[in-house]
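Below: one structure, written as C-alpha cells.
The values are calculated or read from the model by the stated rules, or taken from the named source; none is laboratory data. What you see is a predicted model; the values in this text were computed from it and never measured. Here the Cβ is made from the backbone with ideal geometry for all residues, glycine too, and neighbour counts use every protein chain on show. For accessibility, only protein heavy atoms count, side chains too; no ligands or nucleic acids. Shrake-Rupley method; radii C 1.70, N 1.55, O 1.52, S 1.80 Å.
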Amino acid sequence: MMKKIKAFIRDNYIPFLFALLAVVIELTAVFVTSGKLFIRSPWMYFTVLGLLTALQFFLRTDRARHIWSSVLLSVLFVFDLVFIVIYEMTGTIFDFSMLNLRGDAMAILESVPINFLYTFLCGALLSAFVVFVRDFEDPGVRPAPSHLFRKVIASVMAVVMLCHVGLVYATAAKREEDKFLQDKIYEESAEGYAEQGVIGNLVSEMYEGAFNEVEVGSKQEIRDFIYSETSSGYTPYYAAARDYNVVTILGETFEWFSFIADPEKYPNGHFLPEETLRQLYPNLYEFYETSMVMTNFHAREKTDISENLSLFGSYPLDYYTNYDYEDNTIAYSLPNLMQTLYGVESKSFHNGNYTFYNRNEYLTRAVGFSEYIACEQMAERYGEVFTDYFDGAGERNMDSQMILACRDEMFPTDRRFNTYITTITMHGRYDRRDNLQPYYEQLEAVGFYEPDEEDEEAYAFYHYAAAAMDFDKALGIIMDTLRERDLLDNTLIVLFGDHNAYYQTLTNYVKDIYPKTDRDCDVTELYRVPMMIKIGSQTTERKEITKFTCTADILPTVMSLLGINYYTNLYYGTSVFDRRESVLYSRAYDVFLTDKLYFNTLDNIIYRTADVTDEYLDSVEQQCLTLMKKVSYINRIFASDMFGGKDGQTFADNMRAINGR
C-alpha cells in the first residue's frame, strides 16, 4: 500500500506542488493584510483549492498539468495582489457591492502601493515553479483515469458545489432576520482576510451577491416602526436656527492637523508656532474660534457614505445607495424635508467629476436636490478652467475657484436656501501640484520647505498642508460673501471632515499611530476629525462639545437646530447637543467605534481604554442592539422604496403635522 501511495505522489507531484504553492501564496496575502498566518474559517478556500487541484488529475501529461498549474497560480497571485492593494489603500476587504465602484475605484489609483513582501516572496515562488518544474516533466502520456476514479472526482466536485450554493443561499435568505444583525455584535470574527482568506472571501461574496435579496416582509410592520417615536424637541439649542439658511461643507479629508499644531496629538504635524499658522490659515482659525466645536467627533467611512449620512442620517447594510437605489425616494433626507416643510430649494456643488459616485443621477432623483453642479457644469457656465478630476497628472480642482465661480448660486439673496458643498482640494494623493504653487511659496516664506520625496510621509504632509491653505481660502470666500450679502446672521453653517487622511498613511504618520505594529495604540484617535457648527450671529466664541459624536449625528443636529421634529427610528444618530451618545457603525469597514472602544464584535474588541467598565460595555451593547434594529428596517425601507408611492405622501403629511405646517 505504501509503495502505491508513494508512486501515486511521485506520478502526480505537480498537482500536489500546485496546492502547496497556492496555500503559501494565500497565507502570505492573509499575513500582509492581517498579521496572521492562518485562516480562521478556511473551508471555502480549501474546497475551491481542492476543485482546482482535482481537475489536474484529468490531464494526461505533465506538460498540460504544468501549464494549467502555472496559469492558475498566476491568476491566484494577481487576484490576491489586487485585493491586497485595495486593502492597503482603503482598509476594507472586498464585498460584492464594490463592483458598483469599479470605475470610480480604478480612476483614483494614480499610484498603486505594491506590497513588497507579498510580491517578492510569492512572485519568486511562482517564477521558480514555472521555470524549474519544466525540467522535471515526464514527456510520456499517462493512462486515462479509470471510470470509477472519474465518477468519484466528479461526484465530490458536484456535492461541494451544491453545498456551496445551498449553504450560501440559506444564509442569504436569513440575512434580514434580527439574529443575523445581532451576530454582527456578538459573533467571533478575525481581522481582515484572516477570517476566510482572500480567495475564500471573494468566492463567498460572489455567492452572496448573487443570492442575497432583502426580505421586505410586512410594510405595516415597517410603518409601525417608523412612526413609533418622534424627537422630543427638548434638546439644547432646539430651534436655535429656525428659518435659517443652511450651508453644509464636507471638507474632503479634512483633519484637525491641517491647520493646528499639537506636539502631543500630532507629533509629525505642523512645527510652526501658532501665530504663524494663524497667518497661513486665518479663516479656519476664525471659524474655529467662533463656532460650536465638536472636539470628539469621529468619521470612519468613505466620502460617499459620510456624505449620505449627513444628508439622510442612515445607510443600508449591503448596498451602495448611489448605485443600487438611485431611483428611490429618500423622503426623510434634508433636501426633501426642506422642500416638504418649507418649499426650500436645495442645491449640491462639488468640484469633482459629474458622474463620480453616480452623483449626477442619484442626488437629484433620490436625495432631492433640485440641481447637482460639478466641475463640468462650472466650466460650461462660468468659463473657468476646471480640470478633469482624473486627468492623470494628480491635479485637483481648487476649492477657492469653485466658491468664487458658484457663490451667486450657492448663496442667493432672493430666497431661503439649503446649499451642500463637497470639496476636493485636500483629497489625496498628495504630490506636487502646479496650482498649489502660490501656497508652496507662502510655506517656504515661513520656513516650511518641501521634504525630500524619498521621505514619503513627510513629503505627503507638506503637500497636504498646501492643499489645506486653499480650503482655508475657500472658507474665507464663503464667510465674506455671506457677510457682504447680510446673510451670515441667519445662516447655519456645518463644516465637517468626511474621513481621515488615509492616503499614503498620512494620518498614521502625523498622529504616530500604527495599529498593525503597535497593538496598544489608540485606534479611535485615527478617526477623530473636525466638525464645527456656526449658528449665524449666535456663535461669537468657541464652545467645545466634548462628548463622543460621529457622522450619523450630523443630520439630527441640523434638524434639531432648525426646529424640525422628526421620526427618530429613521436616523442612526442623535443631536450633538443631546446628553445621549451614539455608537458609530462603519458600513465600509464593518467595525463599531466609540471614543473608548474599537471592535468588530463585542467578542473581538481591538482597542479599549483603561477606564472601560462593565457598565459601559453593557450600555454600548444596548446601543448596538438598538442600532442594528434600525439597520434592519432601513434595509427594508430601501429595498422596497418605501416612500416611492402612497407611503411617501403619508410621510410628508405626517411630517407637516408633527411640525405644525
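Miscellaneous remarks
- Label-point separation in nm, ASP520 to TYR227, each point 7 Å along Cα→Cβ: 5.6 nm
- Amide hydrogen neighbours beyond the local backbone of ALA501, cut-off 5 Å, H modeled: THR507
- All Cα-Cα distances of the stretch 378-537, cut into 5 Å bins from zero to the largest, leave 1, 8, 15, 17, 17, 15, 12, 8, 4, 2, 0, 0 percent in each bin in turn.
- Two-site FRET efficiency, LYS646 against ASP327, from Cβ-Cβ distance with R₀ of 22 Å, rounded to 0.05: 0.80
- Mean Cβ neighbour count within 10 Å, used as a protection proxy, ranking 646-658, 46-58 highest first: 46-58, 646-658
- With every protein chain in place, the stretch 519-622: carbon and sulfur % of accessible area (1.4 Å): 40 percent
- If the chain linking LYS36 and TYR342 were pulled fully straight, counting 0.36 nm for each residue of separation and taking away their Cα-Cα distance, it would gain 104.6 nm.
- Neighbour net charge for PRO556 - beta-carbon separation under 13 angstrom, K R +1, D E -1: -2
- Backbone N under 14 Å from the GLN538 label point (7 Å along Cα→Cβ), restricted to the stretch 492-514: 492-494
- Between the beta carbons of GLU441 and ASP243, assuming R0 = 51 Å, the FRET efficiency works out to 0.70 to the nearest 0.05.
- Protection-proxy order for peptides 542-549, 77-84, each taking the mean of Cβ atoms within 10 Å per residue, highest first: 77-84, 542-549
- For the pair ASP590 and ARG416 in one chain, pulling the backbone fully straight at 0.36 nm per residue adds 58.8 nm over the alpha carbon distance.
- Modelled this way, with points 7 Å down the Cα-to-C-beta line, the labels at ASP653 and TYR449 are 7.3 nm from one another.
- Span from the the stretch 471-545 Cα centroid across to the the stretch 613-661 one, whole angstrom: 28 Å
- Distant-in-sequence amide contacts of GLY644, defined by a placed amide H-H separation under 5 Å and a gap of 5 or more residues or a different chain, comprise THR329.
- Between the alpha-carbon centres of the stretch 217-260 and the stretch 426-462 there is a gap of 36 Å.
- Between GLN622 and ALA154, the distance separating the two model label sites (each 7 Å from Cα on the Cα→Cβ line) works out to 6.2 nm.
- Pairs of Lys residues in the stretch 438-590 are counted when their Cα atoms are under 26 angstrom apart and they lie 8 or more places apart or on different chains; the count is 7.
- Residues of the stretch 565-605 with amide N under 19 Å of a point placed 7 Å along Cα→Cβ from TYR234: 565-569, 574-582
- Peptides 403-414, 335-346 ranked from most to least packed by the mean count of surrounding Cβ atoms within 10 Å: 335-346, 403-414.
- Treating r as the C-beta distance of GLU286 and VAL24 and R0 as 56 Å, the FRET efficiency rounds to 0.45.
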